[in-house]
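Trainee: Below are the structure tokens for one structure; questions will follow.
The values are calculated or read from the model by the stated rules, or taken from the named source; none is laboratory data. Bear in mind that the values here come from a model prediction, so they are computed numbers and not experimental data. Neighbour counts run over all protein chains shown; Cβ positions are idealised from the backbone, glycine included. For the accessible areas, the whole protein counts, side chains as well, though only heavy atoms, and no ligand, DNA or RNA atoms are used. Shrake-Rupley method; radii C 1.70, N 1.55, O 1.52, S 1.80 Å.
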Amino acid sequence: MTSSPLLHLSGAVPAEGRDEGVAAHYGELYGEQRALADGRGFVDLSHRGVVTVTGPDRLAWLHLLLTQHVSDLPAGQATEALILSANGHIEHALYLVDDGETVWAHVEPGTQEALIAYLEAMKFFYRVEVADRTDAFAVVHLPAGSIAEVPAEHRVRETAHGRDVFLPREALEDFAAAHGPAAGLLAYEALRVEAHRPRLGLETDHRTIPHELGWLGTAVHLQKGCYRGQETVARVHNLGKPPRRLVFLHLDGSEVLLPPHGAPVRLAADGEDGRQLGFVTTAVRHHELGPIALALVKRNVPVDAPLLAGNTAAAQEVVVAP
């Protein structure tokens with residue numbers, strides 16, 4: 001993995017694990033969060049994979065493979081989509097935009113090779129070309145409300161949460177100089193958790209389906225034609241009973257440590273020896289809300305039940321209704 005040149009910025013502390021290669025923070029965790037919340041600064045997401053699809057059939061072909069309706073996607077309109085297994089389990093999450101000639105997508109770090117292998121296997125007679133552009137292009141995020149001007153030659157995904165900019169890697173340092181202050185992944189993740197937005201590999205495991213995370217509203221089109229896993233999506237949607245549901249947790253602020261990814265979730269009344277009902281997916285420290293988390297729990301967990309996240313007391317808010 002190539003480390004970002006922005007790790008040389010003052011105060012930069014490298015992220016670890018799946019986000020290795022960019023900064024976790026630049027020395028001001030809460031200040032960086034507040035800047036993003038106020039529409040200032042940017043986040044270096046250059047560790048994420050960048051995949052492009054070109055060719056006259058690109059949108060019609062992707063429409064057959066993705067959970068999202070993209071056959072008539074207007075140029076410049078951002079969307080997100082999933083690729084599912086035959087059983088409807090989430091395998092890939094793509095954040096994409098078409099510029100009129102090319103579909104640009106960014107994906108979780110290290111997942112682009114498996115994604116491209118699947119896409120290449122599905123090309124058949126379609127006039128498309130799939131490319132891994134991770135070495136040549138980087139992604140940076142401008143928060144909602146940012147008035148920063150982006151050069152016209154850069155591709156932009158604009159959503160309610162801000163703008164994702166695809167730019168040449170050699171332009172990263174100039175971009176940082178023009179659009180600072182820089183905010184790290186910890187600040188970005190805190191605002192993601194606050195917004196209840198799932199992330200592949202954190203809020204998902206090998207058996208997660210879109211309904212459990214609220215992804216039906218943003219990444220799945222329920223009226224489009226067939227795609228791999230569509231039968232599971234339709235069946236669970238019609239029955240209205242996904243096996244698990246995403247919840248938002250307010251954590252006890254007196255605990256020094258945050259519960260790690262995978263920490264068991266139990267009913268508080270049952271104590272630490274109680275039956276596991278789910279697991280913590282992401283826990284963060286928020287500049288206003290304090291320690292918060294997302295967790296995936298069994299559908300029938302009472303929505304008003306106090307919980308234990310690891311050994312930390314937690315009050316839940318509904319994200320996906322049971």
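Trainee: Of all residues in the range 31-51, which are in contact with a strand residue (DSSP E or B) (Cβ under 8 Å, 6 or more places away or on another chain), farther than 24 Å from Thr134 by Cα and open to solvent by less than 50 Å² (accessible area, probe 1.4 Å)?
Mentor: If the condition is that a residue be in contact with a strand residue (DSSP E or B) (Cβ under 8 Å, 6 or more places away or on another chain), farther than 24 Å from Thr134 by Cα and open to solvent by less than 50 Å² (accessible area, probe 1.4 Å), then Glu32, Gln33, Ala35, Leu36, Gly39 are the ones that fit.
Trainee: Quick check on the range 2-30: of everything there that is in contact with a His (Cβ under 9 Å, 6 or more places away or on another chain) and open to solvent by less than 30 Å² (accessible area, probe 1.4 Å), which residue is nearest to Arg169 (Cα to Cα)?
Mentor: Among residues in the range 2-30 that are in contact with a His (Cβ under 9 Å, 6 or more places away or on another chain) and open to solvent by less than 30 Å² (accessible area, probe 1.4 Å), the one nearest to Arg169 (Cα to Cα) is Ser4.
Trainee: What single numbered condition from (1) without any contact (Cβ under 8 Å) to a residue 40 or more places away in the chain; (2) of a type outside the set (Lys, Arg); (3) more than 26 Å from Leu142 (Cα to Cα) fails to hold for Gly27?
Mentor: Looking at each condition in turn, Gly27 falls short on (3).
Trainee: Scan (1) under 18 Å from Leu186 (Cα atoms); (2) of a type outside the set (Ser, Thr, Tyr); (3) at pLDDT below 95 for the single condition Leu249 breaks and write down its number.
Mentor: Failing condition for Leu249: (3).
Table: residues versus (1) in a strand (DSSP E or B); (2) more than 25 Å from His8 (Cβ to Cβ); (3) open to solvent by 50 Å² or more (accessible area, probe 1.4 Å); (4) touching a residue at least 12 places away in the same chain (Cβ under 8 Å).
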| position | (1), (2), (3), (4) |
| --- | --- |
| Arg163 | yes, no, no, yes |
| Phe166 | yes, no, no, yes |
| Glu173 | no, no, yes, yes |
| Ala187 | no, no, no, yes |
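Trainee: Residues of the range 286-317 being farther than 21 Å from Asp273 by Cα, among the charged types (D, E, K, R) and not in a strand (DSSP E or B), which ones?
Mentor: Residue satisfying the conditions is Glu288 alone.
Trainee: Inspect all residues belonging to the range 145-161 and state whether any of them is open to solvent by less than 60 Å² (accessible area, probe 1.4 Å), of a type in the set (S, T, N, Q) and touching a Gly at 6+ places or on another chain (Cβ under 8 Å).
Mentor: Yes.
Trainee: Filter the range 68-84 down to the residues that are assigned to a loop (DSSP other than H, G, I, E, B) and touching a helix residue (DSSP H, G or I) at 6+ places or on another chain (Cβ under 9 Å), then identify the one that is most open to solvent (accessible area, probe 1.4 Å).
Mentor: Step one: list which residues in the range 68-84 are assigned to a loop (DSSP other than H, G, I, E, B), which gives 68-78.
Going one step further and asking which of them are touching a helix residue (DSSP H, G or I) at 6+ places or on another chain (Cβ under 9 Å), we end up with 68-73.
Details: Gln68: 20, His69: 70, Val70: 2, Ser71: 42, Asp72: 122, Leu73: 17 Å².
Ranking the candidates gives Asp72 first.
Trainee: Let me ask something additional. Can you list residue pairs whose Cβ atoms sit under 7 Å apart, with the first residue in the range 130-148 being among the charged types (D, E, K, R) and the second being surrounded by 20 or more Cβ atoms within 10 Å (Cβ to Cβ)? Count only pairs 6 or more apart in sequence or on different chains.
Mentor: Final answer for the pair search is Asp132/Val51; Asp132/Gln112; Arg133/Val50; Arg133/Val51; Arg133/Thr52.
Trainee: Could you count how many residues in the range 262-281 are part of a strand (DSSP E or B) and either surrounded by 19 or more Cβ atoms within 10 Å (Cβ to Cβ) or hydrophobic (A, V, I, L, M, F, W, C) (or both)?
Mentor: Going residue by residue through the range 262-281, those that are part of a strand (DSSP E or B) are 264-267, 278-281.
After this cut, where a residue has to be either surrounded by 19 or more Cβ atoms within 10 Å (Cβ to Cβ) or hydrophobic (A, V, I, L, M, F, W, C) (or both) as well, the list is 265-267, 278-281.
Residues meeting the conditions: 7.
Trainee: Do we find a residue being open to solvent by less than 10 Å² (accessible area, probe 1.4 Å), under 30 Å from His237 (Cβ atoms) and either outside the structural domain of Ala86 (by the TED database) or not aliphatic (A, V, I, L, M) (or both) anywhere in the range 52-67?
Mentor: Checked the range 52-67: at least one residue is open to solvent by less than 10 Å² (accessible area, probe 1.4 Å), under 30 Å from His237 (Cβ atoms) and either outside the structural domain of Ala86 (by the TED database) or not aliphatic (A, V, I, L, M) (or both).
Trainee: Here's another thing I want to ask about it. Checking Pro210 against (1) in contact with a Phe, Trp or Tyr (Cβ under 6 Å, 6 or more places away or on another chain); (2) surrounded by 21 or more Cβ atoms within 10 Å (Cβ to Cβ), which single condition isn't satisfied?
Mentor: Unmet condition: (1).
Trainee: Val256: touching a residue at least 40 places away in the same chain (Cβ under 8 Å) and farther than 30 Å from Met122 by Cβ, yes or no?
Mentor: For Val256, the condition - touching a residue at least 40 places away in the same chain (Cβ under 8 Å) and farther than 30 Å from Met122 by Cβ - is not met.
Trainee: From the list Val220, Val247, which residue is open to solvent by less than 50 Å² (accessible area, probe 1.4 Å), in a loop (DSSP other than H, G, I, E, B) and either over 26 Å from Val280 (Cβ atoms) or not assigned by the TED database to the domain that holds Ser85 (or both)?
Mentor: Going through Val220, Val247 in turn, just one is open to solvent by less than 50 Å² (accessible area, probe 1.4 Å), in a loop (DSSP other than H, G, I, E, B) and either over 26 Å from Val280 (Cβ atoms) or not assigned by the TED database to the domain that holds Ser85 (or both): Val220.
Trainee: Would you check which residues across the range 32-47 are farther than 11 Å from Ala182 by Cβ and among the small types (Gly, Ala, Ser) and list them?
Mentor: Correct list: Ala37, Gly39, Ser46.
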